[in-house]
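Working notes for the structure below.
The values are calculated or read from the model by the stated rules, or taken from the named source; none is laboratory data. Only a predicted model underlies this, so the values are computations on that prediction, with no experimental measurement involved. As a convention, Cβ positions derive from the backbone with ideal geometry for all residues, glycine included, and neighbour counts pool all protein chains shown. In case anyone asks, the SASA skips ligands and DNA or RNA and just uses the protein heavy atoms, side chains included. Shrake-Rupley method; radii C 1.70, N 1.55, O 1.52, S 1.80 Å.
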Amino acid sequence: MKRLTRLFIGSILGCFSMMSLSYLWHGVVLNDIKSLQYDLSIFLGLLFLLYLFISLFLSFIVSIYNPKDNKLFKHTTIGVFLGFLIYLIAFVLGVSFSGGALNHVVVDFTWQMIEQAIGTLTISVYYTVVYRLDKVKKMQSFD
């Protein structure tokens with residue numbers, strides 16, 4: 001039960017960080033959300049579900065992959081790779097905001113990788129903090 005709760009909390013934190021970054025990028029920096037062809041609340045709801053599934057997957061991977069050294073870096077590279085794959089799928093399916101110019105595609109690819117990397121970093125930091133708190137609690141129980 002404890003592991004499932006942590007998986008859920010890690011997923012929510014990752015989802016929140018990636019959704020915030022996505023809205024910052026598409027809503028503030030590029031301001032291309034205003035050109036949506038459908039209702040914004042439907043878009044944000046579907047985006048939340050997508051990021052929840054992505055962060056659930058990332059949280060699961062981070063929870064089982066526990067390297068001894070460079071943990072945050074290794075976890076973050078998983079997010080970069082997943083961001084690359086997700087944008088590649090969106091690009092092939094034609095579900096992208098950009099008009100298709102090569103420089104837009106490169107910037108969007110890069111941003112997607114950064115977004116997923118930061119989401120994974122958020123999840124990894126959460127697991128690291130929880131692990132260390134558990135360690136402190138165990139040490140205190142021995143006293």
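If you put +1 on each Lys and Arg Cβ and -1 on each Asp and Glu Cβ, how big is the dipole of the chain around its Cα centre, in Debye rounded to 20?
760
If I take all pairs of Cα atoms in region 1-86, what percentage of them are more than 19 Å from each other?
That fraction is 46 percent.
Filter the chymotrypsin sites (Phe, Trp or Tyr not before Pro) in region 34-130 to those in DSSP coil with at most 11 other Cβ atoms within 10 Å of their Cβ, and list the result.
Of the chymotrypsin sites (Phe, Trp or Tyr not before Pro), the ones in loops of region 34-130 whose Cβ has at most 11 other Cβ atoms within 10 Å are Y38.
Can you tell me the length gained on complete extension of the stretch D69 to F16, counting 0.36 nm per residue apart and subtracting the Cα distance?
Using 0.36 nm per residue and subtracting the Cα-Cα distance, I get 16.4 nm.
Could you tell me which of the pairs K2/K135; K74/K137; K71/K135; K71/K138 are separated by over 20 angstrom between their Cα atoms in the structure shown?
Cα-Cα > 20 Å for K74/K137; K71/K138; rest within.
In the chain, what percent of the accessible surface is made up of carbon and sulfur (1.4 Å probe, ligands and nucleic acids excluded)?
73
So, in nm, how far is label L102 from label D39 when the simple model puts each one 7 Å beyond its Cα toward the Cβ?
Distance between label points: 4.2 nm.
So for the chain, taking the charge dipole from beta-carbon charges (+1 Lys/Arg, -1 Asp/Glu), which of Y38, I123, M18 sits furthest toward the positive end?
Of the options given, the answer is I123.
Is region 1-49 rounded, prolate or oblate when judged by the Cα gyration tensor, a ≥ b ≥ c being the square roots of its eigenvalues, rounded requiring a/c under 1.5 and prolate requiring a/b larger than b/c?
Judged from the Cα gyration tensor, region 1-49 comes out oblate (a/c at least 1.5, b/c at or above a/b).
Taking 35 Å as R0, compute the FRET efficiency from the Cβ-Cβ separation of L49 and K137 and round it to 0.05.
Taking R0 as 35 Å, the efficiency between L49 and K137 is 0.50.
Hand me the trypsin sites (Lys or Arg not before Pro) from region 45-124 located in a DSSP loop with no more than 12 other Cβ atoms within 10 Å, in residue order please.
K68
Leaving out ligands and nucleic acids, note down the accessible area per residue over the chain with a 1.4 angstrom probe, in whole Å².
Ligands and nucleic acids excluded, the result is 65 Å² per residue.
Taking the Cα atoms of region 20-137 alone, what are Rg (to one decimal) and Dmax (as a whole number) in Å?
16.1, 54
Rounded, prolate or oblate: which one fits region 46-112, using the alpha carbon gyration tensor with axes a ≥ b ≥ c (rounded when a/c is under 1.5, else prolate when a/b beats b/c, else oblate)?
It comes out oblate by the Cα gyration axes.
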